[in-house]
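The values are calculated or read from the model by the stated rules, or taken from the named source; none is laboratory data. These numbers were taken from a predicted model, which means no experiment stands behind them. Protein only, heavy atoms only, side chains kept; ligands, DNA and RNA dropped before computing areas. Shrake-Rupley method; radii C 1.70, N 1.55, O 1.52, S 1.80 Å.
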Amino acid sequence: MADGMDSSDEEYYDTPAAAENQSSPAGAFEVTRQEQAETKAMEEANAAGDTVVVTFRFLDDGLEAEEEFKQGQEVGHMKIKVAEAKGVSYGQVVLLLDGKPMFDPLSLCDFASIKATNAATVEVQINDE
């Protein structure tokens, strides 16, 4: 073979898949990107976990508010939401579950009562700066 191909090369280039890839190499990569994006989205949804309905009970004024979170979200995320809603700094917010502080690095799924029921009543204490 004068062009540098042997008989196995000819067999490959004569297949329909090879012809399709030669005509549109970007198309093959695009399919792979789409599959990877779909897989990533499913993995992220699974990692986030089930929806948790959290009822916040504000100790300073007795008001209650309800918000949905995912089990994989951290306590810090809830504190940010509360701080924004109340117009206070993040450091002023203390969240209590069953009278015990909820620490920032923990996720909602780290609390057995939340994981079991996908619901929680969280007391909110706003400290002075």
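Taking the convex hull of the alpha carbon positions in the range 47-127 and averaging its projected area over all directions gives 4.7 nm². Below 8 Å, C-alpha to C-alpha, sequence gap of six or more: please give me the relative contact order for the range 69-119 in percent. Taking the mean separation of contacting Cα pairs over the length of the range 69-119, I get 46 percent.
Two numbers describe the Cα atoms of the range 85-129: Rg and Dmax, which are 11.6, 35 Å. Where both bridge residues fall in the range 30-129, DSSP classifies roughly 70% of the beta bridges as antiparallel.
When the solvent-accessible area of the range 54-129 is split by element, carbon and sulfur atoms take up 49 percent of it, the probe being 1.4 Å.
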